[in-house]
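The values are calculated or read from the model by the stated rules, or taken from the named source; none is laboratory data. On a predicted model such as this, the values are computed, not experimentally measured, just so you know. Note: ideal-geometry Cβ built from the backbone for every residue, glycine included; neighbour counts use all protein chains shown. SASA here: full protein model, heavy atoms, side chains in, ligands and nucleic acids out. Shrake-Rupley method; radii C 1.70, N 1.55, O 1.52, S 1.80 Å.
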Amino acid sequence: MAPLHNPLVEEMRFPSVVPPLPRATGGPDPVERATVAPVLQRGELNLHGVTSRGVEVHISISAIAPGVVRVRLMPTSARNRQVRLARPVSIAPEARVESLAPGCVRLAADGLTVEANLDPFRLSFVDAMGRVLLAQDPRPADVTGRMSAPPFGISSDDGRVVATHDTFVCEPDEHFYGFGEKFTNLDKRGQWLEMWNYDAHGVNSERAYKNVPFFISSRGYGMVVDSTSPVRFDMAASNHATFSVIAPDDALEYYVIAGADPLEIIRRYSDLVGHPILPPKWAFGLWVSSGFTADSAEATVQRARELREHQIASDVLHLDCYWQKWGCWSDLEWDADVFPDPERMLRDIKALGFRVCLWINPYIGIQSQRFAMAAERGWLLRAPSGEPYVLQLWGGYHPPVGILDVTHPEAAAWLVGRLRELLRMGADVFKTDFGEGVPFDAVAHDGATGSELHNLYTLRYNDLVADVTAAETGAAGLVWGRSTYTGGQRHVAQWGGDPNCTFADLASTLRGGLSLSACGHAFWSHDIGGFNGQPTPDLYVRWAQFGMFSPLARLHGTTTRLPWDYGDDVMCRFRELAQLRYRLMPYLYSCAINAVETGEPIMRALPLVYPDDPMFAAADLEYLFGPDLLVAPIYNAEGARPVLFPPGPWIDFWTRELVVGPQTRHVEHGLDRFPLYVRGNALIPTVQPLQSLAQEPWDLVVFDGYLLETGRTTLRDSDGVTEIAISVTDATLDVRVSGAKQVLGLRLLPLLARTIERVNVNGAPLGRRDGVSLEADASAGWTVQPDGTLVALLTRI
């Protein structure tokens, strides 16, 4: 069943933005049969299809990459599409078109074969082992014979194609993950999902700031629909035996991606639409916001000083809306009344070791002089009447606005020019707020309709900001964005919108982050403490525990989020959490580089790592942080929750208790701790925490060894790759090190069931001596501390 919405509430919350459902006469028109057409290019099967009402369509099935095929359905009347989000393939892989039984052909490619039954028409997707991963349902019907889902075909209104669609068999035990930052349950089976970016006004509905028409099935495949239109997915909601894709467009184009496991599917998807880029090291430090409250230069410098005085490790000061005058929040001009000398303020902040982030948005208030200028020059999106489209997109917090037309070269150049001036003044990065408000009936300078531009707008907006930031800083084009779409991981950072300050919204935020991570978006964050309202001290601490074990971390809200404003006890706990994050920076940075190279997320939902175990199919309130840390945030005031342990040994980070999974345990923690576990045999790279981060290589990396048998890991740093492997034979600890680092530390926890008497490094004995110091310029050697921890300083031999 489609979700029920109150039309009056919809009109109040989302004026003029909601796209209408396509209206069709006569119902869906399925493709009935097809014949093989001439091959147009290598690795492609072309078919000439006919619908049940005699409409001619072109169907192409193409091998794109190992395990990846593309399906296109195009009526002969379809327009030539100008925007495709999948990157073009220079050389198609080897593929063969083969005849099977009469009336059946297939495209056999590396890792995935597509079989086409020609009459009646049906496609099936078969993996390298001959297993059917996915199959169309050509005639989904109820017991009366009425169509219960839109099959592979078209829907028309007065002879004009208004929608294309496909329906597939949904296996009884099949689960689905992804679709962007959806705050609903992680397993999207049974949900109706709309790919239309909204200002969702929170995290409590299906509506999302970040939609991605990509999902992963538990059956070993993924699918991405290459469209900027508001695609709808009916994931066994209306008909529990099928799932459907509905595109309000005159053509349908989707990719099926096979893989040995979900992470391989994400890697192949990332190869298709683009990988994230690596942020600078300082971006992984703590970001501290002024909040959605009045601000000044004096208050900003005071925040920076207090963060240092209280020894809160942090790297970025964010100035939200009020660095500009109210009502002129897109003028990109400092409010001279409260920021009389911004250059001096920026120098003072940077002298304390901070980077600076400035809030921006693409909406120009009608009271601003910039509005009149932009309207006169045609720089604003237009209504069907030709006038600038004016909307209330701030919920009453700001005057109505016009939307900057980023397709207009002069408007784009004006925005880039203003940002360039701010970067040269000393800003380091911009928070690109909003971008979801393009009405469906707007008209853009380049001729695009609002429906065509709506989801694409956020990509173009962030591209402009990221490109000028990269050009001026010489570093990655980092932004801190709220909205995104397919391929938006190239903008590095997104944060999770506007949750209320409640435990329920903490949990919803986590679900949204895990869903977005399943789409290859590695660098995600959220507002620690929640955005709207004032968190209680215990919620503030619990959200900080979650936030410090997120890819990026930021304090932000409508009220103060400064730790000292919540009392000395909370501030001390927050300081310790920040220090722990900074101590784990080599681990996090290694995960980040892996994400850039492979597309694999840093936050990993358990069903993506353990897809064959039904125990984890719906697990959406805990996650792996990188490959070796299991994090289970506390989402209630009681401090208690169940924890699902994946297979294998796990060590409690705080108590060193060994837990062997798979199993479920109910745990309870005071505010000083939360459920955090380390995979057995993991080697976790750490550093002595600093107050802020530099881009240079870490001074001395110390590996915390949770060794039970043997362990190995790869350290990634700005100076290259270092490999370390450790094993135990009898009483000898053997360490093998190769790569960039010449000096390393080892802190081996007392988990082994034997006593170590000798340590070898690359085959040579390491001397045992008292007083071994884990400092880069100390002498090499090893010792055992009174608690049984083995400490060693290793030099390459």
Near pairs, Cβ below 6 angstrom, 6+ apart or cross-chain, from the range 222-233 (under 15 Å from Ala86 (Cα atoms)) to any residue that is of a type in the set (Asp, Glu) and surrounded by fewer than 23 Cβ atoms within 10 Å (Cβ to Cβ)
Asp226/Glu253
Search the range 567-580 for residues that are in contact (Cβ under 8 Å) with a residue 12 or more places away in the chain and closer than 12 Å to Trp543 by Cβ and pair each with any residue that is in a helix (DSSP H, G or I) and small (Gly, Ala, Ser) when their beta-carbon atoms are under 7 Å apart and the residues are at least 6 apart or on different chains.
Phe574/Ala544; Leu577/Ala544
So which residues in the range 384-415 are open to solvent by 20 Å² or more (accessible area, probe 1.4 Å), part of a loop (DSSP other than H, G, I, E, B) and among the hydrophobic types (A, V, I, L, M, F, W, C), if there are any at all?
Leu393, Trp394
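Among residues belonging to the range 470-484 that are in contact with a Gly (Cβ under 9 Å, 6 or more places away or on another chain) and not in a loop (DSSP other than H, G, I, E, B), point out the one that is surrounded by the fewest Cβ atoms within 10 Å (Cβ to Cβ). Break it down stepwise before answering.
Looking only at the range 470-484, we keep the residues that are in contact with a Gly (Cβ under 9 Å, 6 or more places away or on another chain), and these are 470-471, 481-484.
Next, from what is left, pick out any that are not in a loop (DSSP other than H, G, I, E, B): 470-471, 481, 484.
Details: Ala470: 14, Ala471: 12, Gly481: 26, Thr484: 32.
So the residue we want is Ala471.
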Name the single residue that is nearest to Cys572 (Cα to Cα) among those in the range 646-697 being among the aromatic types (Phe, Trp, Tyr) and touching a strand residue (DSSP E or B) at 6+ places or on another chain (Cβ under 6 Å).
Phe653
Does Glu723 satisfy being acidic (Asp, Glu), at pLDDT 95 or above, farther than 22 Å from Arg575 by Cβ and not in a strand (DSSP E or B)?
no
For Gly159, state whether it is at positive phi, open to solvent by 20 Å² or more (accessible area, probe 1.4 Å) and touching a residue at least 12 places away in the same chain (Cβ under 8 Å).
no
Counting only residues that are of a type outside the set (A, V, I, L, M), part of a strand (DSSP E or B) and within 15 Å of Gly705 (Cα to Cα), how many does the range 653-680 have?
2
Restricting attention to the range 513-538, and to residues there that are in a helix (DSSP H, G or I) and touching a Pro at 6+ places or on another chain (Cβ under 9 Å), which single residue is surrounded by the most Cβ atoms within 10 Å (Cβ to Cβ)?
Leu516
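Which members of the range 541-576 meet the condition of being among the aromatic types (Phe, Trp, Tyr) and touching a Lys or Arg at 6+ places or on another chain (Cβ under 8 Å)? Steps first, answer last, please.
Residues of the range 541-576 among the aromatic types (Phe, Trp, Tyr): 543, 546, 549, 564, 566, 574.
Within the range 541-576, Phe549 is the sole residue that qualifies.
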Can you name every residue in the range 707-739 that is touching a residue at least 40 places away in the same chain (Cβ under 8 Å) and among the hydrophobic types (A, V, I, L, M, F, W, C)?
Leu707, Leu708, Leu715, Ile724, Ile726, Leu733, Val735, Val737
Grab the strands (runs of 3 or more DSSP E) fully contained in the range 81-141, keeping just those with 3 or more residues being within 24 Å of Val31 (Cα to Cα) and modelled with pLDDT of 95 or more.
104-109, 112-118, 121-127, 132-135
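Results for (1) buried (at least 21 other Cβ atoms within 10 Å of the Cβ); (2) more than 30 Å from Gly274 (Cβ to Cβ); (3) aliphatic (A, V, I, L, M); (4) without any contact (Cβ under 8 Å) to a residue 40 or more places away in the chain, shown as yes or no for each residue.
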position	(1), (2), (3), (4)
Val55	no, yes, yes, no
Val69	yes, no, yes, no
Thr76	no, yes, no, yes
Pro93	no, no, no, no
Gly111	no, no, no, no
Val114	yes, no, yes, no
Asp119	no, yes, no, no
Asp127	no, no, no, no
Tell me the residue from Asp446, Asp463, Asp433, Asp467 that is modelled with pLDDT of 95 or more, open to solvent by less than 20 Å² (accessible area, probe 1.4 Å) and among the charged types (D, E, K, R), please.
Asp433
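Answer with yes or no whether Ala778 is without any contact (Cβ under 8 Å) to a residue 24 or more places away in the chain, part of a loop (DSSP other than H, G, I, E, B), surrounded by 11 or more Cβ atoms within 10 Å (Cβ to Cβ) and within 42 Å of the chain's Cα centre (by Cα).
Working: without any contact (Cβ under 8 Å) to a residue 24 or more places away in the chain: yes; part of a loop (DSSP other than H, G, I, E, B): yes; surrounded by 11 or more Cβ atoms within 10 Å (Cβ to Cβ): yes; within 42 Å of the chain's Cα centre (by Cα): yes.
Taking the combined requirement at face value, the residue satisfies it.
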Kindly indicate which of Ala448, Ala427, Ala475, Ala412 is closer than 22 Å to Met195 by Cβ, touching a residue at least 40 places away in the same chain (Cβ under 8 Å) and over 20 Å from the mean Cα position of the chain (by Cα).
Ala448
